[in-house]
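Encoded as structure tokens, the structure appears first; notes follow it.
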Amino acid sequence: MRRTGIAIVTVILIASASMTFAQGAPAAGGTGLDKSGSIRMESDMYPVRVDVARIFAHSQGYKVVYRKGEASFAEAYIPSSWFVAGGKASMIQGRGPQFPYMVVYYKADGSFSHLKLYVLRNMRDSTWGTIEGDPGDRFKVEAIKLEY
């Protein structure tokens, strides 16, 4: 009984040690870099984070007022059609002093890819507002070009 228990523990230790050391070893004939797009691979997306001052909701989309430098602000108009699964934009709601902010992702060639808008869950907060009236063609955009 005792020998069986020791044998089982030994087998488990050997199996777990071999799995631990196998993670860092390169595959036969490989370079050790994986092809899965992990942290070891060069990124083809470049994020730009901006602090958001206010978000104005409208039926056509969201007007985002963000900080541009130290003392000035800029605007970005994001169509509501982008906020679909697999679309160009996603909205993440949360709580905390870090909200609201926006991360815009650009491809290696500098073209717009997609964005993530992080907002406060409470829409009664002072960071939220509404656009009254017709905004015209401001929401008819294909890409977001941030001003710095």
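Every number in this text was worked out from the coordinates using simple rules, so none of it is lab data. All of these numbers come straight from a predicted model, not from anything done at the bench. Cβ atoms come from the backbone with ideal geometry, glycine included; neighbour counts cover every protein chain shown.
Is the shape of the stretch 38-100 best called rounded, prolate or oblate, per the rule: a/c under 1.5 gives rounded, else a/b larger than b/c gives prolate, else oblate, with a ≥ b ≥ c the square roots of the Cα gyration tensor eigenvalues?
Working: a/c = 1.77, a/b = 1.21, b/c = 1.46.
Judged from the Cα gyration tensor, the stretch 38-100 comes out oblate (a/c at least 1.5, b/c at or above a/b).
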- Message: Only counting other Cβ atoms within 10 Å, I'd like Asp125, Asp44 sorted with the fewest neighbours first.
- Response: Asp44, Asp125
- Among the lysines, which have Cα under 18 Å from the Cα of Lys63 when same-chain residues fewer than 8 positions away are ignored? Lys88, Lys116, Lys140, Lys145
- Item | Fewest-first sequence of Glu147, Glu70 by Cβ atoms within 10 Å of each Cβ | Glu70, Glu147
- Message: What is the sum of charges, Lys and Arg at +1 and Asp and Glu at -1, for the other residues whose Cβ falls under 14 Å from the Cβ of Val9?
- Response: +2
- Item | Environment charge of Gly94, counting only residues whose C-beta is closer than 14 Å and scoring Lys/Arg +1, Asp/Glu -1 | +2
- Item | Selected from Met91, Met102, Gly61, residue furthest toward positive end of dipole (the stretch 45-130; charges at beta carbon) | Met91
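Order these by the 10 Å Cβ neighbour count, fewest first: Arg67, Arg2. Each step should come with its number before you reach the end.
On the way: Arg67 14, Arg2 6.
Neighbour counts put them in this order, fewest first: Arg2, Arg67.
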